[in-house]
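Novice: One structure is given below, represented as structure tokens, and several questions about it will come after.
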Amino acid sequence: MNSPWKLLTTQRDGEPVLSSRMGLAASIATLAWSLSGSMADAQQQRTLQHDGHSFEVVSASDMSSVFEMSGGESVGSEFDRNFPLAQGSQFAGGQLASSSCGDGQCSGSCGGQCGDSACGVGGGYRGGLFGHSRNCGGPCNDCQPFCYGRVEAVYMQRDGLDNFTRARSPDLWLDDPGFEPAPRITIGTAPDCVSGCELSFTGPLNWEMNNTAVLKNGQTLLTERIELPGPGGIGTFQQDIAFTMLYDPTLTSPVDDANDPVLFQRQRYESTYWTVEASKTSMAWDIAKLLIGPRYIRFDEEYSYTASNGPAPDQNAAIYSEASNDLIGLQVGADIFSPICRSTSAYFRGRAGGYYNLAQSTAFVEDQATWLYGESDEDNGFAAMFELGGGLQYQICEMFSIHGGGELWYLTQVATAENQIPTVVGVNTPYRGTQSSDDVFFAGFNVGATMKY
């Protein structure tokens, strides 16, 4: 059967149909939204059960709040805590990296400056200057101000005195000076982990050599200028002879002989060194420490050679010399560390300084109550000090390390006791004054420990 139908093209007739369709669409959208929410809630469980324990599940959108504390500090994972030296650990080197290093914005102690995006990736090296590494590539690291103390025992030998003597008899020659110990104590601070200050004291180092002989002649390596009567007793003339302790070449009755034995003779040489330094320091990525500052060095020496046949003044003779050096100046230096393995590093220690030296000396020669030579003088000039050292350092823990190695010191343009002794004594001999152009070489090794706190 054919049923008549009519197309609804007018506005009035179409309103009921359009309204019903819009209501149906809204109903379907509401139902879909409700179903999707229910399915999402069903799919994202709030807890997981495993082996009788319940674990809370956190959505990805909430992760930033879990790993951020109130102060903007980043909290590492359990892996980071258990393996703080692993590559990429936030706790590598014992310092926290800012979580906003890669986005061009810095917070906390960054000071508005930022390094590269790899700020959170730390190296696995545990050695270095103070046992931690700051290789974030920029100032985005959180700084923990620290102080440090370094205690060392240095064993040094004063070179250049091998078989030293002013006596001809080998029985009086001095043995080589040995290695002498002394402490070296250093304390410092780094308020901003980069710039700081440091104070160091080394010494005193004391080298002493002596030797005695009994019933040996008193011949020396010095020359004596004597005055003898001229021919026929007219006038006088001067003559240089070898100087012998307790021997009078003008004595003819009784006859005096230069080979006569002397009851007791002794040679002694002593050298003392100590120094104090105050430096401004700069740490460079925990692999180097640069320093500059004033330094004071004290270097003293004393030599004596005595001979005696009894208690009377005319039965004794002596050669004596002493020298003192007060060096005040400025030095620069560096301590550089290079990793070898996880907890061991090789280090280099270098110092170089220029100083103004206030040198003084005293020297005299006396024989049988007769003054043959005597002077006391001073000489001011410029001197220099150079130190080189190297060795190994082992990091026991984050705050404590031990080290050991060798050292070489070179002190130039100073006065030594050996160079103040005159070569010619006696009648009309000139005074030499203070001689301050000697070079002194020290060699040795050191062991010590460093504590950071």
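Novice: Of the residues A213, A258, only one is assigned to a strand (DSSP E or B), open to solvent by less than 80 Å² (accessible area, probe 1.4 Å) and free of Cβ contacts under 8 Å to residues at least 60 places away in the same chain; which?
Specialist: A213 is the lone residue from the list that is assigned to a strand (DSSP E or B), open to solvent by less than 80 Å² (accessible area, probe 1.4 Å) and free of Cβ contacts under 8 Å to residues at least 60 places away in the same chain.
Novice: Being more than 29 Å from C341 (Cβ to Cβ), of a type in the set (V, I, T) and either without any contact (Cβ under 8 Å) to a residue 60 or more places away in the chain or assigned to a loop (DSSP other than H, G, I, E, B) (or both): is that true of I421 here?
Specialist: Here the answer is yes, as I421 does meet what is asked.
Novice: When you scan segment 393-424, how many residues do you find that are open to solvent by 10 Å² or more (accessible area, probe 1.4 Å), among the polar types (S, T, N, Q) and more than 25 Å from R295 (Cβ to Cβ)?
Specialist: Total satisfying the criteria: 1.
Novice: What do you reckon, is I328 crowded, with 20+ Cβ neighbours inside 10 Å and either of a type in the set (A, V, I, L, M, F, W, C) or in contact with a strand residue (DSSP E or B) (Cβ under 8 Å, 6 or more places away or on another chain) (or both)?
Specialist: Answer is no for this residue.
Novice: Let me ask you something else. Only residues that are open to solvent by less than 10 Å² (accessible area, probe 1.4 Å) and either among the charged types (D, E, K, R) or within 26 Å of I319 (Cα to Cα) (or both): list them for segment 278-294, please.
Specialist: The one that is open to solvent by less than 10 Å² (accessible area, probe 1.4 Å) and either among the charged types (D, E, K, R) or within 26 Å of I319 (Cα to Cα) (or both): D286.
Novice: Where residues in segment 428-451 are β-branched (V, I, T) and either open to solvent by 50 Å² or more (accessible area, probe 1.4 Å) or in a strand (DSSP E or B) (or both), which of them is farthest from I319 (Cα to Cα)?
Specialist: Of everything passing the filter in segment 428-451, T450 is farthest from I319 (Cα to Cα).
Novice: Right, something else. Take segment 184-210 and flag every residue that is surrounded by 14 or more Cβ atoms within 10 Å (Cβ to Cβ) and outside any strand (DSSP E or B).
Specialist: Passing the criteria: C193, V194.
Novice: Among (1) in a strand (DSSP E or B); (2) without any contact (Cβ under 8 Å) to a residue 24 or more places away in the chain, which single condition is P181 missing?
Specialist: Evaluating P181 over (1) in a strand (DSSP E or B); (2) without any contact (Cβ under 8 Å) to a residue 24 or more places away in the chain leaves (2) as the failure.
Novice: Among the residues of segment 341-394, which ones are of a type in the set (F, W, Y) and more than 22 Å from the chain's Cα centre (by Cα)?
Specialist: Result: Y356, F364, W371, Y373, F382.
Novice: Now for a separate question. Does T370 meet the test of being out of contact with any His (no Cβ under 6 Å at 6 or more places or on another chain), without any contact (Cβ under 8 Å) to a residue 12 or more places away in the chain and either open to solvent by 30 Å² or more (accessible area, probe 1.4 Å) or over 30 Å from T434 (Cβ atoms) (or both)?
Specialist: yes
Novice: Give all pairs with beta carbons closer than 7 Å in which a residue from segment 155-173 that is among the basic types (K, R) meets a residue that is surrounded by fewer than 17 Cβ atoms within 10 Å (Cβ to Cβ); count only pairs at least 6 apart in sequence or on separate chains.
Specialist: Short answer, once both residue conditions are applied: R166/L221; R168/L221.
Novice: Go through R225, R266 for me and flag whichever is basic (K, R), in a strand (DSSP E or B) and over 51 Å from the mean Cα position of the chain (by Cα).
Specialist: Just one listed residue meets the conditions, R225.
The values are calculated or read from the model by the stated rules, or taken from the named source; none is laboratory data. Keep in mind the model is a prediction, meaning the values are calculated, not measured. Cβ atoms come from the backbone with ideal geometry, glycine included; neighbour counts cover every protein chain shown. Just so you know, the surface numbers come from the protein's heavy atoms only, side chains and all, with ligands and any DNA or RNA stripped out. Shrake-Rupley method; radii C 1.70, N 1.55, O 1.52, S 1.80 Å.
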